[in-house]
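Any read-out appearing in this document is the output of simple, stated calculations on the displayed coordinates, not a laboratory observation. Note that the coordinates shown come from a computational prediction; the quantities given were computed from them, not determined experimentally. Counting neighbours? That spans all protein chains shown, and the Cβs are built from the backbone with ideal geometry, glycine included.
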Amino acid sequence: MARITDLNGVVMEVESLGRAFTLEVNSKLDQTLSNRGHSISMLVDTTSADNADDYVLYFQNIGPVVLGIGTIDVMASDVTTLWFDEVLGTPTFTAGVDTQETNRLLGSPNDPVLLSQYDTDIGGLIPFGRLFFERCALANRAYRVNEMGGMALPFSTAFAMRSSNPAAIITLKMTVNINDY
Amino acid sequence: MRIQGRQGQIADVDDSGRLFTLSTSLNVDQSLLTTGRVSSIVMENVTPTVANNYIFYLRNIGTLNVAIGHATFMASAATTLWFDYVSGEPAYLVGTPVEVTNRRLGNPTKPAIDAQYDANITGLTQEGKLFFQRLDTANQSYFFDTVSGITIPTGQALAIRSSNILAAVTMVCSIGIVLL
């Protein structure tokens, strides 16, 4: 019968119920992706809605690998409710600004292939289904959208974010994962 | 016997006989997301006509188990929500089907459920109380995590009741199709 040994001949133990002893280093998915240069911080550096519930952020995967959206942290200068919707259609912008992406493996050239812009009123979109919401109940406090699995965007799918209060200036940081696991 | 990697590395065993491993773990929701088996269901601005009326009903009408993982709630006034295991046939004043959106965008898979919300859902018998969530402050979101999940086999149902007739309740809840 074969036994598993290391280079020095130390034999792996198996206990009385047949379970092999292991010493495990456990890495969460986000940590593994970050170590590979596949985890990106995406930043919206302030936007607000022209009118209540205008879309202010548009995000579409235009690359070959599924993108995963992990944690979303938001802050608003005034009370507002943010909804994240799956959307169809072609976005139109009045003065669209590209979101900023920074790889969490510093210096890595890996960039997700995406179209991601923010604006005060993104038109041309058709809501296809609501995914998450977050209530920014207090001004200038950070809130985390607590969705443990996040969402996954295959090629050409898109979501958008809308804000209920035009007086709220919004800052957002989102984790974007290149999901090649 | 030794375990060898592609570049010739040998798996190590410590002095206590433990094999060193390095594993990446996914939480259940992340795992379900890879195959399009988790969706958001949305209920918006529903107020009970009488305190502790059922305002939400969900029954599994498919062949696979479904599970509620976690939810985000908001209400226009303070209220307490209870998740109950229920039996019986629901009767609605109006009845609005919940909105269901797969969290793997573009994936057509939907859980096979009968789920509606209403100001007063009757005809249900409470079989047991599962969880509660207190929404203390109006217009503030609350994250509700069941930790274990609520598994709903074929034919079984749960319902949510709300204590305050002045509170319009909004919910986004995760629902997964469970193959385990």
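Going by amide H atoms built from the backbone, whose H comes under 5 Å of the H on residue B:123, apart from near neighbours?
Distant-sequence amide H within range of residue B:123: B:91.
Mind listing the long-range amide H neighbours of residue A:129? Cut-off is under 5 Å, sequence gap 5 or more, other chains count too, H placed in the peptide plane at 1.01 Å from N.
Correct list: A:86.
Give me the net charge for the shell around residue B:84: Cβ to Cβ below 9 angstrom, other residues only, Lys and Arg +1, Asp and Glu -1.
So the environment of residue B:84 carries a net charge of +1.
Tell me, in nm to one decimal, what length is gained between residue A:98 and residue A:21 on full extension, where the rule is 0.36 nm per residue of separation less the Cα-Cα distance?
Extra length from residue A:98 to residue A:21 when fully extended: 22.7 nm.
Considering Cα pairs under 8 angstrom that are at least six residues apart, work out the relative contact order of region A:28-101 and quote it in whole percent.
Averaging sequence separation for qualifying contacts and normalising by length gives 50 percent for region A:28-101.
Which whole-Hz ³J(HN,Hα) couplings does region A:15-25 yield from phi under the Karplus relation 6.51 cos²θ - 1.76 cosθ + 1.60, θ = phi - 60°, glycine and proline marked x?
Values per residue, Gly and Pro as x: 8, 4, 8, x, 9, 6, 6, 9, 10, 9, 9 Hz.
Return the calculated 222 nm mean residue ellipticity for the protein assembly as shown, to the nearest 500 deg cm²/dmol, obtained by summing -39500 (n - 2.57) across DSSP H runs with n ≥ 4 and dividing by the residue count.
-1000 deg cm²/dmol
Along Cα→Cβ, 7 Å out, is where each label goes; now give me the distance between the ones at residue A:1 and residue A:155 in nm to one decimal.
Placing both labels 7 Å beyond Cα along the Cβ direction yields 5.0 nm.
Please state the relative contact order of chain B as a whole percent: Cα pairs under 8 Å, 6+ residues apart?
So the answer I get is 41 percent.
Between B:135, B:93, B:22, find the one with the highest GNM mean-square fluctuation for chain B; connect C-alpha pairs within less than 10 Å.
Comparing B:135, B:93, B:22 in a Gaussian network model of chain B, the most mobile one is B:22.
Which of the chymotrypsin sites (Phe, Trp or Tyr not before Pro) found in region A:3-104 are loop residues per DSSP with 14 or fewer other Cβ atoms within 10 Å of their Cβ?
The qualifying sites are A:21.
Quickly work out the residue A:31-to-residue B:122 label distance, labels modelled 7 Å from Cα along the C-beta direction, and quote it in nm with one decimal.
5.5
Of A:38, B:70, how do they rank once you tally other Cβ atoms within 10 Å and put the fewest first?
Ranked by crowding around the Cβ, least crowded first: B:70, A:38.
Please give every one of the aspartates and glutamates within straight-line cross-link reach of residue A:28, meaning a C-alpha to C-alpha distance under 16 Å, and leave out same-chain neighbours fewer than 8 residues apart.
A:147, A:180, B:29
Using the Cα centre of chain B as the reference point, and only Cβ charges (+1 on K/R, -1 on D/E), how large is the resulting charge dipole? Debye, rounded to the nearest 20.
Roughly 380 debye for chain B.
Enumerate the residues in region A:22-48 having an amide nitrogen under 13 Å from the point lying 7 Å beyond the Cα of residue A:73 toward its Cβ.
Under cut-off, by backbone N: A:41-44.
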